[in-house]
Every structure is written in structure tokens, then in C-alpha cells.
Amino acid sequence: MQFSSRSVESLVDELSKLPGVGKKSAQRLAFFLLKASRDDAMGLANAIRAIKDDVISCSECGNFTEDDPCMICTDPKRSRVVICVVEQPMDVLAIEASGGFRGQYHVLRGALNPLDKIGPDQIRARELVERVRRGEISEVILATNPNPPGEATAYFLSDLLQEFSVSVTRIARGIPVGGDLEYSDQATLARALEGRKPVETQ
Amino acid sequence: MAIEKSEAIILRTLNFRDTSKILTAYTLDHGLVSLIAKGVRGPKPRFGSALEIFAHVDLVYYNKDSRDLQLLSQASLLEAHLGLASNLDRYRHACAVLEFLLKLLSGQEPPGKLYPLALRTLEVLEKAPVASLGSLFLAFQIKAVSFLGHRPELFSCISCRESLTEPVYFAPLHGGTVCDNCVVEVDGTRTITQSQLGFLQRLMKSTLAELFEDVPSSEFMADTRGIFELFLASQLDRYEPSRSLRQIPNRHALGLREALKAGDPLGN
Ligand SMILES: [Zn+2]
Ligand SMILES: [Zn+2]
């Protein structure tokens, strides 16, 4: 399709680089922005500029932040002795939304997967070991995904942390709350059985 | 649009948009197939562990030859091979198998011996003694290239066809062993010791389970692997040495920790 304007054409090109945006959707978005008010359109442009100019990676935990160290790493109300290791910044959001954790995070930014060219040097493993070496940490919770790369990463990290006097734990894997035993596949069931716990009695 | 059913091994997965996944599956009936699995992630995930690498699954999908991505309809797990991720050595070798298949397969392969070999290799890598994983992976490679028409000659001279007596040479470019009489006529030869040749012959002839006790020294393994890598590189267009074996460390945990202390890059 030939555009009458070169700027529209280049906007469509840029938009279609976004994940999940095809040529058609990119055109729709471009025309929406063309018709939008100047304030709305510039608001988007400035927001994009701000995340590129101001958002950095926290040197402690590896999460996205504008201040280094980030708000979570510097929050005096959070425990400094427990550290929860996750693959992605999105995972921090999910755990924070659960409200069930008040410690520190360590964002790996990936999981060991040579098929996607991700090895130990790509996952901030060294930074984790450095944090643990400083001695404040007493527990490391490995909350990588329950899939093969996530599991392999958990084994790799627990191996690395063996020499330190920290307890290394792995989040439980198994049947999701609201899930059905009947519809769980055998791998999920096997893990759920493996991760069974004594029933607490009064 | 035809509906297809096939068992398959999942070789690659990629999260796509908020709730979908793109998969590369090695199907028994149609070779390599790329699939989109819509709405399988998110608050109500579908198909559980069936859409993870190493999984042996039954797939149902809509196939249209004009499309690059076929639409997944059903997936049920036959075996997750969970053990492959529970030890880094098993993991790196199993990833190396998937990586080799992704490089080797070009698409619509007709059903053949390679699929059952691949499946059997994953099963075996999950349970075999860790020390034998290197031999098993090399055996998988030798058998796999043989099934695809690049069987190395290891039992007679590629030039005169006579049986071999010491000294024996290996000509990667010509695909096999060369006898002492012919070595001057064949280019690119290198020596191969009797024990290296015997090892490669065993890997080719034995079943995978018979190799559990075959644990050569790491030096012997590296040398023999080196010879076979030369063969692979000259026989296969798109061959690259395994990234999985290179990138994921196999050093004992202590070695790794020492590497960290010394500031070495990990996994090199
Ligand atoms: Zn932080
Ligand atoms: Zn000869």
C-alpha cells in the first residue's frame, strides 16, 4: 500500500515492529493517532521517550526503575534477608499483586535456554551470587517458571549457592488454585504429589 | 484446510502476545511443523505441560500448506520428560538433541527412523548414568546422520573397500575411514587411533542402552568428538557445533564457583 505521506508510512513501519502488531493493525493505529488530539498523541510520544531516557535497570535487583537502587530495594519496611528470584520484571508485578511477599527480588531477565541463546552469562547469575556473598541474605526463594528452562535455572542457581550458608527454596509446583485434579496432566500431578506437605493440625 | 493428528516432540516454544505460544514440533507423520497455540497462557492455561520443550505429545491441528504457522487445536501429554531439567548435564545434552534436530530437519520429512531415535534418546538421557551422557549424545548424532543419508563409513576403506588394518586414517570430506595403502590418494585425511575408531563403531552399532557403561575419559571423548565434528561439518550444509554443550556449563559445581570467584565468564 502506498501512503500519501512519508511520515505516516514510517509510523506504520515502526508500529508494525511491536510484538503482535501486523501491518493492518499498524495502519489502524497510525490513522487513530493521526486523528487523535495533539495532546493525546504527544502524551504517547513523551511516555515512550521517558521510558527510554529515564528507566534503567536497578543495579541491585535488575528490575526496571527510574531510581537506582529501586523503590523495592530501598523500602525500609521490607525484609532484607529473604530474596525471591524471578525470570522477568512482569513476575515481580505478579508477586507484588499477590501481597504475599515482603522481601527483596532478584530479576534474572531470562532462564537458561541454549535454544534461545541464553546461557549463564545472560541471566544475572553472577549478580545473585554477589548479593548472597555480602552475607545479609538468609533465604533465597527460586521462583523461576515451572517449565524446563525455569527448572534447569533453579537447579543451576541452587548449585551455585551451595557454598553459602543460605537456605535455598523452590516455589511449590502443582495444581493451580481453582484447578481440577481430573483435568490435570500427569506431569502436573506428579509435581503436586512430589511437593505434598503435612496437613497442619491444631 | 485439513485436520491433522500426529504424535510429536516439542522442540521449541516462544510466548506470543499475551496468551498464545508459537511452537516448533517434530511430528511423527509430517516432520517439522510450526504451530500457533492460541489462548493457552494466561489465567486459564490449557494443555499444561504438553506445550513445553522435551514433551512427547499427541497433537491435533488445522493444516494449510500455504501458511507458515498451523493452528493448534488439541494437545495431550504422553510424557513430559521432567527429569531432563532436573540436572544440568541432562539438560544441556537434551537441549543439544533438540538443537541438532532443528538444524537437521528441513520441514516435511517423511516418517522414518529418526523420530523414534529422537524420542528414545530423550528417554535415555533422562535416566542414563550422567557419565555416559556424552557417549549417548554422540551415538544419537551418528545414528541420526546415518538415517538422513550421511552414514559415515567406519568399517572399510572408502577408497579400495578393503577391510581396515592399522594404521587407519579418517577423511571427513569423503565420509569415512581410509587404509594405509590409499591414504596418499585421498585428501584431507587425519589419523584415527584404533580405540577412537572402535568407540565410534560401538556408538554406531550399539543400542543406546548398551552404551550406559561406555564412559571414556573426557580427553578421549573430546578428541573423538573433534574428529566426528569435522565429519559433520563437511557432510552437512548447515552444521554448527552444539551451542547447548558450549553454553551451559558442565563443570562440577565447585569448579563453577571457583570460576565465579576468579571472575571468569560462566559457561565458556
Ligand atoms: Zn531494585
Ligand atoms: Zn584403501
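Placing unit charges on the Cβ atoms only, positive for Lys and Arg and negative for Asp and Glu, gives the protein assembly as shown a dipole magnitude near 1040 debye about its Cα centre.
Only the Cβ atoms of Lys and Arg (+1) and of Asp and Glu (-1) were treated as charged; on that basis the dipole of the range A:70-198 about its Cα centre amounts to roughly 440 debye.
Using the Cα coordinates of the range A:6-54, the gyration tensor eigenvalues translate into equivalent-ellipsoid semi-axes of 18, 15, 9 Å, sorted from longest to shortest. Its residue count N fixes a reference of 2.2 N^0.38 Å for the range B:2-79, and the Cα radius of gyration divided by that reference is 0.97. Between residue A:194 and residue B:127, the FRET efficiency estimated from the beta carbon spacing at R0 = 25 angstrom works out to 0.90. Summarised as an ellipsoid, the range A:97-200 has semi-axes of 26, 19, 13 Å, derived from the eigenvalues of the Cα gyration tensor scaled by 5 and square-rooted, with the largest first.
The tail of the calculated P(r) for the protein assembly as shown, taken as Cα-Cα distances beyond 32 Å, holds 52 percent of the pairs.
Global size of chain A: 22.0, 76 Å for Rg and Dmax (C-alpha atoms, Rg to one decimal, Dmax whole). Annotation for the range A:1-86: GluC sites (Glu not before Pro) lying in DSSP loop with at most 13 further Cβ atoms inside 10 Å of their Cβ are A:66. log₁₀ I(q)/I(0) of chain B at q = 0.08, 0.13, 0.16 Å⁻¹, via Debye over equal Cα point scatterers, no solvent, to two decimals? Here log10 of I(q) over I(0) equals -0.39, -0.92, -1.21. Normalised by residue number, the volume inside the convex hull of the Cα atoms of the range B:106-230 is 114 Å³ per residue. Legend: Rg and Dmax of the range A:1-110, from Cα coordinates, 19.2, 60 Å. Each label point was placed 7 Å from the Cα along the Cα-to-Cβ direction; for residue A:172 and residue B:147 their separation is 4.1 nm. Applying the criteria of a DSSP loop state and at most 15 other Cβ atoms within 10 Å to the chymotrypsin sites (Phe, Trp or Tyr not before Pro) of the range B:99-192 yields B:155. For residue B:148, the accessible area of its heavy atoms, probed at 1.4 Å with every protein chain present, is near 60 square angstrom. Across the range B:136-157, the residues whose backbone nitrogen lies under 18 Å from the label position 7 Å along the beta-carbon direction of residue B:237 are B:145-146, B:148-151.
The values are calculated or read from the model by the stated rules, or taken from the named source; none is laboratory data. Model, not experiment: these values are computed from the prediction. Backbone-built Cβ (ideal geometry, glycine too); neighbour counts: all protein chains shown. Ligands, DNA and RNA are stripped out before the accessible areas are found, and what is left, the full protein with its side chains, is counted by its heavy atoms. Shrake-Rupley method; radii C 1.70, N 1.55, O 1.52, S 1.80 Å.
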